[in-house]
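The values are calculated or read from the model by the stated rules, or taken from the named source; none is laboratory data. These numbers were taken from a predicted model, which means no experiment stands behind them. So basically every Cβ, Gly included, is an ideal-geometry build from the backbone, and we count neighbours across all protein chains shown. Accessible surface areas use protein heavy atoms only, side chains included; no ligands, DNA or RNA. Shrake-Rupley method; radii C 1.70, N 1.55, O 1.52, S 1.80 Å.
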Amino acid sequence: MSELTVKYNELSAEDFILLWETVWGQGPSMEQTELAMQNTLFRVSVYDGDQIVAMARMIGDMGLNYYIKDVVVRPEYQKQGIGRLLIDELMKFIREHGVSGTDIFVELCAMPDKIPFYEKFGFSANEAQRLKMMYRVE
């Protein structure tokens, strides 16, 4: 493994899809992903040479709510502190851009086996249930 490089707001749609598919299977369309990258508040990505190995995004309204999205570390790079680096960078973004002197709601969705990881940062479950729907646009 060569030295890892962290990049900000440079995550391309191509690299996003490539990394997505290493963990979650079939990725979204290129058009959807390009729009998502353009409308993301903050993107952080980690590369080993030219290969993308991790990513995370921040979406939200820059006032009341921030939502951590698409935190992915290639399986062979997990347990090396890269996930912690991603979350630290996202929280730094909130500290630097959030309204000073206010409480800001930071939310994410995690698979049950990943919950202990996020709890280390102070995240906790609440009584709300996550609802989802895949809506097909024709």
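Tabulated values for the structure
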item	result
Wholly within the stretch 1-99, helices (runs of 4 or more DSSP H) carrying at least 1 residues that are of a type in the set (Lys, Arg) and open to solvent by 70 Å² or more (accessible area, probe 1.4 Å)	82-97
Unmet requirement for LYS79, which otherwise passes all of (1) touching a residue at least 24 places away in the same chain (Cβ under 8 Å); (2) of a type outside the set (Ser, Thr, Tyr); (3) at positive phi	(1)
Residues (open to solvent by 90 Å² or more (accessible area, probe 1.4 Å) and not in a loop (DSSP other than H, G, I, E, B)) located in the stretch 103-138	PHE105, PRO112, ASP113, GLU119
